[in-house]
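The values are calculated or read from the model by the stated rules, or taken from the named source; none is laboratory data. These figures come from a predicted structure and were not determined experimentally. Positions of Cβ are backbone-derived with ideal geometry, glycine not excepted, and every protein chain shown enters the neighbour counts. All accessible areas refer to the heavy atoms of the entire protein, side chains included, with ligands and DNA or RNA removed. Shrake-Rupley method; radii C 1.70, N 1.55, O 1.52, S 1.80 Å.
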Amino acid sequence: MRVIVIGAGYVGLVAGCCLANSGHRVTGVESDPAKLARLVSGSAPIKEKDIDRLLSDGLASGQLIFSDTLPQPLATDVVMVAVGTPSLTDGATDLSYIQQALAEVSAVVSEPLVLIMKSSVPPGTGRRLAQRYFADKPVTYVANPEFLREGQAVNDWYQTNRIVIGTEDSTPVAAIRELYADIAAPVITTDITSAETIKYAANAFLATKISFVNEIANLCEAVGADIDYVVEGLGLDPRIGKDFLRAGLGYGGSCFPKDTRALNLSALNNGYDFRLLKSTIEVNTKQPIVAVHKLDDMLGGLEGKEIAILGLAFKPETDDVRESPALAIARLLYERDARLRACDPVAIDNARPLLPAGVRLSTDIYEATQGASAVVLVTEWPEFINADWARLREGMADPYIILDGRNALAPERLSGLGFHYSGIGRRPA
Ligand code: UDX
């Protein structure tokens, strides 16, 4: 099929590369000249497993081309919109990039096509957009959300556990099935608003699971239980499941924080007070504060203390620092006059402009922890877990504190090396 993908960010680029790899003829439209230049030269502007290979294969075969504008005439079967939907300051969704993309399609469309909305928009938005831009055009609007995790997006594209097709009439269903013919997953056909709601409800549920387990971890500390055992016991119940039950410093990234806020606001705007979701957001906002209070207790005050933050990316295997708990922790510690260093294997350049002044940055864990009296593990990078902690301790200063914000390190081993170890909800060794 002929496909135009508008936007070459995480979602658009993965979609474009995977669709080209599946044999479709794809044109990626990217308006940022720097990004476009990289794409055309075969270098992906994002760090994502397998994407460089798929990009160069697509360019080499000619199945994938890029342009800074929509082709004219459009001459396509599908237009897929995958532009950003960032948060506005009040948490509402900024739809301006979507509106711009739809206005451009609407201005030039003449032959029938299916418009697939991949970007996440709050429930109810698609119906209004379809009406506003395509009421008198040969365009069928389809809400077809993605469930891609950063770092595993290509795998998630092919191994997805559902394809959701939200449409007001059944005509585009055959085209979408053809588009995803090589993906074996159940297809759910529904209306536009329900499809949009599936995406937000999925993210809200997973975020709630994380906030729930973080609350249980905090409770474990209050009552003297151990979160590792509690989670093991919980996860073995298939009705609960073991995934997304890792306690820690809370969720970050480009989706959960933004989508939970947007759904909360959209619910309110539609007259519904989604109290559970509000609590999920509140718990997540508080979790870095809980960690800072813990460090304060362990260090007997924070002022002037040398603290190393291990990890800036919002999770391992990505250089994405959007809404990373590391940034919140750095700002909180800075406010309390701690002296900060931070370490990350790949995310330093992205984090630098978002960190408070004076944070010393390094990709080397031994350099970053030299002379520090405490380290806080924020991102569970394998290189941190597998570091030589005996060597690390030699470089550190009294009282050798580790706050393991992801419960990823081995408490007994570290205590044996002379560290004062604390996790999140883990019983003291
Ligand atoms: C998420 C969804 O998983 C994906 O389906 C959606 O399309 C986009 O948002 P992503 O943001 O890439 O994907 O990351 P994910 O792996 O889901 O983790 C999100 C955050 O939750 C990370 O900060 C991670 O550290 C945190 N997390 C995850 C926990 O704190 N505990 C867990 O048990 C799982």
* Between region 364-429 and region 17-64, what is the C-alpha centre distance in whole Å? -> 40
* Asked: Among Gly23, Gly248, Gly151, which one moves the most in a GNM of the chain with springs linking Cα atoms closer than 10 Å?
  -> Gly23
* Please state the charge dipole magnitude for region 2-190, taken about the Cα centre, from unit charges on C-beta atoms (+1 on K and R, -1 on D and E), reported in debye and rounded to the nearest 20. => 100
* Under a Cβ-Cβ cut-off of 14 Å, what is the net charge of the residues other than Ile163 that fall near it, where Lys and Arg count +1 and Asp and Glu count -1? -> 0
* **Accessible surface of region 98-228, 1.4 Å probe, proportion on carbon and sulfur as whole %** => 53
* To do: Return the single residue from Gln72, Gln99, Gln287 with maximal mean-square fluctuation; model: Gaussian network over the chain, springs between Cα atoms under 10 Å.
  => Gln72
* Gain in length, Asn269 to Asp237, computed as 0.36 nm per residue apart minus the alpha-carbon separation, to one decimal in nm? -> 7.9 nm
* Structure fact -> For Leu377, other-chain or 5+-apart residues with amide H closer than 5 Å (H placed, Pro excluded) are Leu310, Leu403, Asp404, Gly405
* Asked: What helices does the chain hold that run 27 Å or longer along their axis, going by alpha-carbon atoms, with a Kyte-Doolittle average of -0.5 or more, using DSSP H for the helix calls?
  -> 192-223, 275-299
* **From phi via Karplus (6.51, -1.76, 1.60), per-residue ³J(HN,Hα) for region 169-180 in Hz, x at Gly/Pro** => 9, 7, 4, x, 4, 4, 5, 5, 4, 5, 4, 9
* If you bin every alpha carbon distance in the chain into 20 Å steps from zero, what whole percent lands in each bin? -> 25, 51, 23, 2
* **Full-extension gain in nm, Asp349 to Ser43, via 0.36 nm per residue minus C-alpha separation** => 108.4 nm
* Asked: Which trypsin sites (Lys or Arg not before Pro) from region 1-82 combine a DSSP loop assignment with at most 16 other Cβ atoms within 10 Å?
  -> Lys49
* Structure fact -> Here the FRET efficiency for Ala201 versus Glu394, based on Cβ atoms and R0 = 35 Å and rounded to 0.05, is 0.10
* Return one whole number: the accessible area per residue of the chain in Å², for a 1.4 Å probe. => 44
* Reciprocal of mean inverse Cα separation for region 2-190 (Kirkwood radius, Å) -> 16.7
* **Normalised contact order of region 189-293, rounded percent, pairs of Cα under 8 Å and 6 or more residues apart** => 33
* At a 1.4 Å probe radius, which order do Glu104, Glu30, Glu380 fall into by accessible area, largest first? => Glu104, Glu380, Glu30
* Structure fact -> Note: region 158-273, point scatterers on Cα, Debye, no solvent; log10 I/I(0) at q = 0.10, 0.11, 0.14 Å⁻¹ equals -0.45, -0.54, -0.79
* Asked: Leaving out ligands, DNA and RNA, what percent of the accessible area of region 274-416 is carbon and sulfur, probe 1.4 Å?
  -> 48
* At most 14 other Cβ within 10 Å, DSSP loop - trypsin sites (Lys or Arg not before Pro), region 178-255 -> Arg239, Lys242
* **Positive dipole terminus of region 108-195, leading residue within Ala174, Val114, Thr125 (C-beta point charges)** => Thr125
* Asked: How would Glu168, Glu306 line up by accessible area, probe 1.4 Å, largest first?
  -> Glu168, Glu306
* **Computed accessible area, Arg149, all protein chains, 1.4 angstrom probe, square angstrom** => 100
* Would you work out if region 112-158 is rounded, prolate or oblate? Take a ≥ b ≥ c from the square roots of the eigenvalues of the alpha-carbon gyration tensor; rounded if a/c is under 1.5, else prolate when a/b is larger than b/c, oblate otherwise. => oblate
* Structure fact -> Note to self: Kirkwood Rh of region 256-422, Cα pairs, one decimal, Å, is 16.6
* Asked: Rounded to the nearest 0.05, what FRET efficiency do Glu282 and Glu367 have when you use their Cβ-Cβ distance and R0 = 41 Å?
  -> 0.65
* At most 16 other Cβ atoms within 10 Å plus a DSSP loop assignment makes a site exposed; report the longest stretch of the chain without any exposed chymotrypsin sites (Phe, Trp or Tyr not before Pro). => 1-243
* Structure fact -> Asserting the computed 222 nm helical MRE of the chain (DSSP H runs at least 4 long, -39500 (n - 2.57) per run, divided by residue count, to nearest 500) equals -13000 deg cm²/dmol
* Structure fact -> Place a point 7 Å from the Cα of Tyr158 in the direction of its beta carbon; the residues of region 3-42 whose amide N falls under 19 Å from it are 11-26
